[in-house]
């Protein structure tokens, strides 16, 4: 119900500002989000919607940081005379169980420069990933599990 009211209030906000432009809608969504969060802070179900939005924004910032770091690392490696790549394939044990969770995780890994999801084991408990920089396989495995997979599961569950 909160997402519906957030959108309705954003449309009202945009209408009051004089038009349905992207800037008016985005500012309306932000303002109405904070108004709803304040007004409904004691209502049941409050933490569900507002918690997911905070987790989504946190995930978005985390993933953008990872994208920038990965791009910078690959660009540096290409522009310098010595390659520091240590490519390899590792298996990552999964806590993700549903098709959606596994697909989202695999696609996010693939979209990050320097990593590529290759396959999933027949029992769907291990995801095989090719990475360009594997200096410590356990550290990479822990980074994907404790950061990316954990955040994806928080959003989807």
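The values are calculated or read from the model by the stated rules, or taken from the named source; none is laboratory data. It should be emphasised that the depicted structure is a prediction, and the values quoted were computed from it without experimental measurement. Cβ atoms come from the backbone with ideal geometry, glycine included; neighbour counts cover every protein chain shown.
Every condition in (1) closer than 22 Å to residue 53 by Cα; (2) surrounded by fewer than 18 Cβ atoms within 10 Å (Cβ to Cβ); (3) in contact with a helix residue (DSSP H, G or I) (Cβ under 8 Å, 6 or more places away or on another chain) is met by residue 150 except one, and the failing one is (3). Taken over the range 108-136, the criterion of being under 16 Å from residue 87 (Cβ atoms), touching a residue at least 24 places away in the same chain (Cβ under 8 Å) and in a helix (DSSP H, G or I) is satisfied by 109 alone. Among the residues of the range 82-107, those identified as in contact with a strand residue (DSSP E or B) (Cβ under 9 Å, 6 or more places away or on another chain) and in a helix (DSSP H, G or I) are 102, 105, 106, 107. Restricting 53, 104 to those that are in contact (Cβ under 8 Å) with a residue 40 or more places away in the chain, within 30 Å of residue 1 (Cα to Cα) and within 13 Å of the chain's Cα centre (by Cα) reduces the list to 104.
Return yes or no: is residue 139 under 18 Å from residue 84 (Cβ atoms), assigned to a helix (DSSP H, G or I) and assigned by TED's automatic domain parsing to the domain that holds residue 73? Judged against the criteria, residue 139 is a match. If the condition is being closer than 21 Å to residue 155 by Cβ and either surrounded by fewer than 11 Cβ atoms within 10 Å (Cβ to Cβ) or not assigned by TED's automatic domain parsing to the domain that holds residue 6 (or both), then the range 35-45 contributes only 45. So, residue 63, is that one closer than 30 Å to residue 5 by Cβ, touching a residue at least 24 places away in the same chain (Cβ under 8 Å) and over 16 Å from the mean Cα position of the chain (by Cα) or not? When the stated conditions are applied, residue 63 does not pass them. Evaluation of residue 8 against the conditions (1) part of a helix (DSSP H, G or I); (2) touching a helix residue (DSSP H, G or I) at 6+ places or on another chain (Cβ under 6 Å) shows that the sole unmet condition is (2).
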